[in-house]
1. Can you run down the residue pairs with Cβ atoms below 9 Å, 6 or more apart or on separate chains, where the first is in the stretch 85-97 and under 14 Å from L67 (Cβ atoms) and the partner is acidic (D, E) and surrounded by fewer than 24 Cβ atoms within 10 Å (Cβ to Cβ)?
2. Tell me which residues, restricted to the stretch 138-167, are touching a Ser or Thr at 6+ places or on another chain (Cβ under 9 Å), within 23 Å of E209 (Cα to Cα) and open to solvent by 10 Å² or more (accessible area, probe 1.4 Å).
3. How many residues are crowded, with 24+ Cβ neighbours inside 10 Å and either of a type in the set (S, T, Y) or modelled with pLDDT under 95 (or both) when one looks only at the stretch 402-419?
4. Considering every residue within the stretch 484-503, establish whether at least one is acidic (D, E), open to solvent by 10 Å² or more (accessible area, probe 1.4 Å), in contact (Cβ under 8 Å) with a residue 40 or more places away in the chain and within 24 Å of G180 (Cα to Cα).
5. Taking the stretch 236-256 on its own, how many of its residues are part of a helix (DSSP H, G or I) and either in contact with a Phe, Trp or Tyr (Cβ under 8 Å, 6 or more places away or on another chain) or on the phi > 0 side of the Ramachandran plot (or both)?
6. Tell me, yes or no, whether the stretch 171-182 has at least one residue that is over 30 Å from A378 (Cβ atoms) and of a type in the set (S, T, Y).
7. Mind listing whichever residues of the stretch 187-208 are among the aliphatic types (A, V, I, L, M) and buried (at least 20 other Cβ atoms within 10 Å of the Cβ)?
8. Look through the stretch 508-527, keep the residues that are open to solvent by less than 40 Å² (accessible area, probe 1.4 Å) and in a strand (DSSP E or B), and return whichever of them is nearest to G426 (Cα to Cα).
Amino acid sequence: MLDIVIENAEIYDGVGKPPFRGAVGIRADKIISIGDIAEEAKKTIDATGLILCPGFIDIHSHSDYHLLINPNADSKITQGVTTEIGGNCGYAAAPVWGEAKKRREAEYFKHYKLKLGWKRLSEYFDRLENKGMGVNYGQLIGHNTLRTSAMGGAKRAPTKKELSQMITGIEEGMSEGAFGVSTGLIYPPACFSKTSEIVELAKVCKRFEGIFTFHMRSESDRLVEAVKEAIKIGKHANIPIQISHIKTSGQRNWGKIDAVLDLIEQSQKEGVDVAADRYPYIASQTGLMQVLPEWTFEGGIKGLVKRLRDTKMREKIKKEVMKIHPPEENYLNKVLIMELMSKKNKKFEGLTVQKAAEIARRDPFEFLFDLLIEEEAAVSAIYFTMSEENLRKFFLKDYVFVASDSGCRSIKGPLAKGKPHPRIFGTFPRVIRKYVREEKLLDLSKAIYKMTWQPAERFKIEKRGKIAEGFYADLVLFDFDKISDRSDFLDPFHYAEGIEYVWVNGVCAVEKGKLTGRRAGHALKKM
C-alpha cells in the first residue's frame with residue numbers, strides 16, 4: 001500500500017519537458033509510481049487544476065545558523081523550497097576554528113542566545129540532525145571562514161602553515177560531505193587574497209570533485225575583470241565554477257552585460273565549466289560596511305571601527321566613496337538600512353542612509369560612520385542599483401538559474417525583525433508569477449527546470465530535483481493562477497501564496513496552504 005497518491009495533477013517533472021496529466025504515488029520518503037496508479041493508498045489528494053513539480057532547490061542559501069534558530073525554515077518551505085545549499089559567499093558554519101570560531105560564537109550568543117560549539121562539518125551536521133529541520137540542507141566550505149580561522153583579518157598572503165591549515169579544512173570538510181567551496185572576494189578577509197591563493201584552494205576542491213562558487217571581487221566598476229578572474233581560476237584548477245547572484249551593479253555598469261555574457265560563453269566554448277545564478281529582484285542585500293573602501297577592512301571589525309573613529313581617516317574614506325559615487329548619483333539615498341542590532345538605532349530600519357541622516361540632523365557620512373561604530377559594523381542594507389532589463393537578459397540564458405541568496409526566516413520569533421529583503425519570502429513564486437504568468441519571459445517548464453533539476457545536476461544532489469520513480473518525494477503542488485510573492489521592501493514579512501502542498505521526503509510540510517510544523521529535512525552529503 002502507498003502512503004500518498006496525488007492524482008489528477010498537471011505534472012512538470014523538472015527536466016524541462018512539456019507537462020502531462022497523471023498521478024504520483026509515495027511510500028515512505030520515495031516516489032514509487034507515476035501515471036495511472038491502481039495501488040491503494042492511505043491518503044489520496046485530488047490535485048485537479050493544480051500543478052505538481054519537484055521541490056525547489058535553493059543553491060544559494062545563507063541558512064547556516066538560521067536553521068538552528070528557525071528549524072522549520074518557514075520562509076523557504078512556504079515558497080516551495082525543499083532543499084538548500086548553504087555556506088555561500090565565503091562564509092560557512094563549518095569547518096571553523098580559531099578567531100573565526102570565537103567571533104561567531106560570541107556574535108550568535110549575544111544576539112540570539114544561541115550556543116554553537118562545533119569545529120568540524122560533521123559536528124555541525126550532527127547538530128542540525130539532532131535539532132531537526134524543515135528542509136534538506138547541504139553545505140559549501142567558506143573561504144572567508146577558513147582564512148579568518150587560519151590568519152584572522154590579516155591583509156597579506158598566507159604563510160605556508162596558514163595555507164596548509166586552509167587546505168586541511170577543505171580536505172576534512174569535503175571528506176565529510178561538503179558540496180564544494182565558496183568565496184566572497186568582495187568581503188574581508190578574502191578580499192585580501194590573491195588569485196593564486198584561490199587557485200590552490202580550488203585545486204584541493206577539484207580533487208573531491210566539488211564545485212567552486214564566487215561572490216566575485218566586483219559586481220560593479222570592475223565587473224568584467226572579476227568575471228575574468230573567476231574564469232581564470234576555473235580554468236587553472238579545472239573545476240566547475242558558479243558565479244553567484246550575477247549582476248551589473250550601478251547604472252554606469254549596466255552596459256557591461258554583453259561583455260560579461262560574451263566572456264562566459266566564450267570560456268564555455270573553450271571548455272571552462274561556468275554557470276551562474278540570480279534572484280528575481282533589482283536590489284541587492286549585504287552589509288552596510290560595503291559602502292566603504294576595501295582597505296578599511298584590514299584587521300577585521302576592530303580595525304574598521306578604529307579607522308572610523310579617526311577624524312583624518314573619515315575624511316579620506318569620504319573622499320574615496322564620493323570619487324566612486326559623485327554627489328549627482330545620490331548614492332546614499334539608494335542604500336536602505338535593513339536591520340540593526342541595537343534598540344537605540346531601530347528607528348532607522350527601513351530608511352535610506354540619506355533619510356536617516358536627515359532625521360538625525362547629521363551629515364550623511366558622519367551618520368554612516370557613527371552608525372557602523374555603534375553597531376560594530378553589524379548592519380545589513382539593501383542597495384537599489386540594478387537594471388530590470390539586464391535581469392531579464394540573465395534569466396533568458398540557459399546557464400543562469402534561480403537562487404534566493406537568503407537565509408530562512410519567519411514572520412514571528414527572533415528572526416522576524418528589521419526590513420529584510422523580500423527575496424527571503426518570495427524568490428521562487430515571484431519567478432513564476434512575474435516572469436512566467438505575467439510577462440511570459442519564460443515558459444513554465446523552463447522556469448521549473450531552473451529551480452529544480454538544473455541546480456540538482458549542477459551541485460550533484462542525488463535523487464532530488466526530478467519527479468521520477470526512486471527519487472525522494474520532495475514535491476510542490478501549486479495553483480498557477482494564484483501563486484505569488486507578497487513580500488516587498490518596506491513590508492517584507494509575508495509568506496507567499498498559491499502553494500497548496502509541500503512534501504519533504506514524503507512528509508507534508510504545507511497542507512492546504514498552511515504550515516504543518518513537521519520537520520523531515522536531512523543534512524545532505526555529497527557522495
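The values are calculated or read from the model by the stated rules, or taken from the named source; none is laboratory data. Source: prediction; values computed, not measured. Ideal geometry is used to build each Cβ from the backbone, glycine not excepted, and the neighbour counts take in all protein chains shown. The area values use the complete protein model at the heavy-atom level, side chains included, leaving out ligands, DNA and RNA. Shrake-Rupley method; radii C 1.70, N 1.55, O 1.52, S 1.80 Å.
1. A94/E123; A94/E176
2. Hit for the stretch 138-167 is Q165, nothing else.
3. So the answer is 2.
4. Taking the stretch 484-503 and keeping what is acidic (D, E), we get 485, 488, 491, 497, 500.
With open to solvent by 10 Å² or more (accessible area, probe 1.4 Å) added as a condition, the list becomes 485, 488, 491, 497, 500.
So of that shortlist, the ones also in contact (Cβ under 8 Å) with a residue 40 or more places away in the chain come out as 485, 488, 497, 500.
Cutting the leftovers down to within 24 Å of G180 (Cα to Cα) gives us none.
No; the residues of the stretch 484-503 include none that is acidic (D, E), open to solvent by 10 Å² or more (accessible area, probe 1.4 Å), in contact (Cβ under 8 Å) with a residue 40 or more places away in the chain and within 24 Å of G180 (Cα to Cα).
5. Here is the first cut: in the stretch 236-256, the ones part of a helix (DSSP H, G or I) are 236-237, 251-256.
Filter once more, so that each one left must be either in contact with a Phe, Trp or Tyr (Cβ under 8 Å, 6 or more places away or on another chain) or on the phi > 0 side of the Ramachandran plot (or both): 237.
The number of residues fulfilling the criteria is 1.
6. Among the residues of the stretch 171-182, at least one is over 30 Å from A378 (Cβ atoms) and of a type in the set (S, T, Y), which makes the answer yes.
7. Our first condition is that a residue be among the aliphatic types (A, V, I, L, M); within the stretch 187-208, this holds for 190, 198-199, 201-202, 204.
Of everything in the stretch 187-208, those that are among the aliphatic types (A, V, I, L, M) and buried (at least 20 other Cβ atoms within 10 Å of the Cβ) turn out to be A190, I198, L201, A202, V204.
8. Once the filter is applied, the top-ranked residue is V510.
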